[in-house]
Amino acid sequence: MRHLTPAEFRRLGHRAVDWIASYAERVESLPVLPQREPGELLAALPERAPEEGEGTDAWDGIFRDLDQLIVPALTHWQSPNFFAYFPCNASGPGILGELLSAGLGIQGMLWATSPAATELEFRMLSWLGRLLELPDGFLEAPGGGCIQGTASEATLVAVVAARHRVRQRTGARREQLVAYASSQAHSSVVKAAMVAGLCADASGGDALRLVAVDDEYALVPEALARAIAEDRAAGRVPFFVCATVGTTSSTAVDPLPAVGQVLRESGFAESGGWLHVDAAYAGAACICPEHRRLIDGIEHADSLCFNPHKWLLTNFDCSAFWTRDRAALVDSLSVTPEYLRNRATEEGGVIDYRDWQVPLGRRFRALKLWFVLRHYGAEGLRRHIRHHVALAALFESLVRADDRFEICAPRRLALVCFRRRGSDAENRALLERVNRSGKAYLSHTALPGPDGAERLVLRLAVGAPGTGERHVRAAWDLLRE
Ligand code: PLP
């Protein structure tokens, strides 16, 4: 067994960086969506690991296989023609942050296991929080921020902390607890309720109420108030509300000020109830003053998350999470066996981020966020957001000008929901044709139409770092032809 020598590592590392730079140069020319059958790559890979390593001789073959086996089986999320789902931004500074994090190879579960990881992360979350103009209570004790892997984990952590807090304050039994989100909330809210043992399946049972939305797909506060009152009257204990700022299907925005008022008037907060705001996608835009109103009312929330890994040029995974009650997280998630005890923890005054999340171990993700924030600066990031919002506005105007198509939801940021006037089957066929062409990749969702019945809607989300006007126009030409 022989490790790479520093000289060999340097040589191969340069080659890997060169490879990444060439990939970025040619990604636009690759079909965005691979035309592969399930199992094709699997069949091309040996069934067992090599018994003897090939050492440095392996690397020509590794780079060849990367080109010949892996790249053709990739969906190119960084292609400027990628318009599906929400974006998952990579950037030079983000990639270098990942590389250096791997190079340092630290594990930041405790402050003591790498003080820099914890303290840089805490500072980055306060930089980011200030860009969002979050109230100080989210940035400093008794609150604070940390990086979760995904928005799903952030929601789960919030549910677990909320469950703990309400039971401490009211003595409620687990079976009495009820959580609320709009019917347009992300599926991760349902999953969090399942994982937290509130409900047995995705129906949510009596433990999760999916509250009605208005004709712009935003939660109706009066419906939330009614649901809370009905549950109270039936002896249940409302303990968690997830409001969504920027829903996955259509970027609908639940009205935080009105939700906050309902929760105040219903006594939800006094009994330990927790309001979590899921701004996984839209939160990035709130660094722009013209979009900050999307989170007006955030002072009513107990926690908030958004994903810099979606639309803020920070490589996956990086979900920014803030709470105003770090004690609820620590009390509900801390388990300390002897082997994790250390003087810094026992003396207090340090954060051990393992107590703010589900896993024990944690990567040094703050590094990439630091590089991104320093490289682009707040203004650079605002330009990135504004550029995409303007391109989406352009696409919306093209759709509106063609009466064979219709816009299906208000466009708030860089997602356009539209459809061809006609049946779901026609829209599905159109989407398949466009995606099969490899020239653009869009996704779809279902949204209730004017008659209340769900219909298939096409989603074009502008957000890949290299997308420009010609890509958006080309996607439109493809769709209308
Ligand atoms: N919440 C919303 C509103 C989302 O749009 C998404 C994903 O698109 C998620 C949560 C889940 O994000 P993650 O993959 O980070 O768990």
For this session: Answer yes if at least one residue in the range 274-296 is at pLDDT below 95 and assigned by TED's automatic domain parsing to the domain that holds Asp317, and no otherwise.
Result: no
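Does the range 223-236 hold any residues that are touching a residue at least 12 places away in the same chain (Cβ under 8 Å) and within 24 Å of Gly297 (Cα to Cα), and which are they?
Selection gives Ala223, Leu224, Ala225, Ala227, Ile228, Ala229.
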Seminar exercise, completed: Over the range 67-104, the set of residues assigned to a helix (DSSP H, G or I), crowded, with 18+ Cβ neighbours inside 10 Å and either polar (S, T, N, Q) or within 16 Å of the ligand (Cβ to nearest atom) (or both) is Gly94, Ser101
Exercise. Out of the range 263-287, which residues are of a type in the set (A, V, I, L, M, F, W, C), away from the ligand (no atom under 16 Å from the Cβ) and crowded, with 24+ Cβ neighbours inside 10 Å?
Worked result: Leu263, Phe268, Trp274
Exercise. Given Leu132, Leu120, Leu128, which one is in the same structural domain as Arg293 (by TED's automatic domain parsing), in contact with a Pro (Cβ under 8 Å, 6 or more places away or on another chain) and at pLDDT 95 or above?
Worked result: Leu128
Seminar exercise, completed: Checked the range 234-250 for anything within 10 Å of the ligand (Cβ to nearest atom) and among the small types (Gly, Ala, Ser); matches are Gly246, Ser249
Exercise. If we scan the range 89-96, do we find a residue that is modelled with pLDDT of 95 or more, out of contact with any strand residue (DSSP E or B) (no Cβ under 6 Å at 6 or more places or on another chain) and more than 30 Å from Arg15 (Cβ to Cβ)?
Worked result: no
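Being outside the structural domain of Arg419 (by TED's automatic domain parsing), surrounded by fewer than 19 Cβ atoms within 10 Å (Cβ to Cβ) and closer than 27 Å to Ala285 by Cβ narrows it down to one of Pro257, Pro221, so name that one. Full working, then the answer.
Details: Pro221 fails: surrounded by fewer than 19 Cβ atoms within 10 Å (Cβ to Cβ).
Pro257 is the lone residue from the list that is outside the structural domain of Arg419 (by TED's automatic domain parsing), surrounded by fewer than 19 Cβ atoms within 10 Å (Cβ to Cβ) and closer than 27 Å to Ala285 by Cβ.
Only one of Cys318, Cys305 is within 16 Å of the ligand (Cβ to nearest atom) and farther than 19 Å from Ile95 by Cβ. Can you tell me which?
Just a single option satisfies the conditions, and that option is Cys305.
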Problem set entry | Counted residues, the range 205-239 - those being more than 21 Å from Gly452 (Cβ to Cβ) and small (Gly, Ala, Ser) | 7
Exercise. Which condition breaks for Arg436 when tested against (1) surrounded by 13 or more Cβ atoms within 10 Å (Cβ to Cβ); (2) touching a residue at least 40 places away in the same chain (Cβ under 8 Å)?
Worked result: (1)
Exercise. Considering Arg64, Arg167, which residue is more than 16 Å from the ligand (Cβ to nearest atom), of a type outside the set (A, V, I, L, M) and more than 30 Å from Gly39 (Cα to Cα)?
Worked result: Arg167
Exercise. Are there any pairs, at least 6 apart or on different chains, whose C-beta atoms fall under 6 Å, with the first in the range 358-384 and touching a residue at least 12 places away in the same chain (Cβ under 8 Å) and closer than 20 Å to Ala116 by Cα and the second buried (at least 16 other Cβ atoms within 10 Å of the Cβ) and of a type in the set (Lys, Arg), and if so, which?
Worked result: Leu360/Arg354
Problem set entry | Test result for Trp59, within 16 Å of the ligand (Cβ to nearest atom), at pLDDT 95 or above and of a type outside the set (Val, Ile, Thr) | no
Exercise. Which condition breaks for Gly297 when tested against (1) more than 17 Å from Phe138 (Cα to Cα); (2) more than 16 Å from the ligand (Cβ to nearest atom)?
Worked result: (1)
Exercise. When you go through Val220, Val195, Val253, Val213 one by one, which is the residue that is within 29 Å of Arg419 (Cβ to Cβ) and within 13 Å of the ligand (Cβ to nearest atom)?
Worked result: Val253
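The values are calculated or read from the model by the stated rules, or taken from the named source; none is laboratory data. All of these numbers come straight from a predicted model, not from anything done at the bench. Cβ coordinates were reconstructed from backbone atoms using ideal geometry, including for glycine residues, and neighbour counts include every protein chain displayed.
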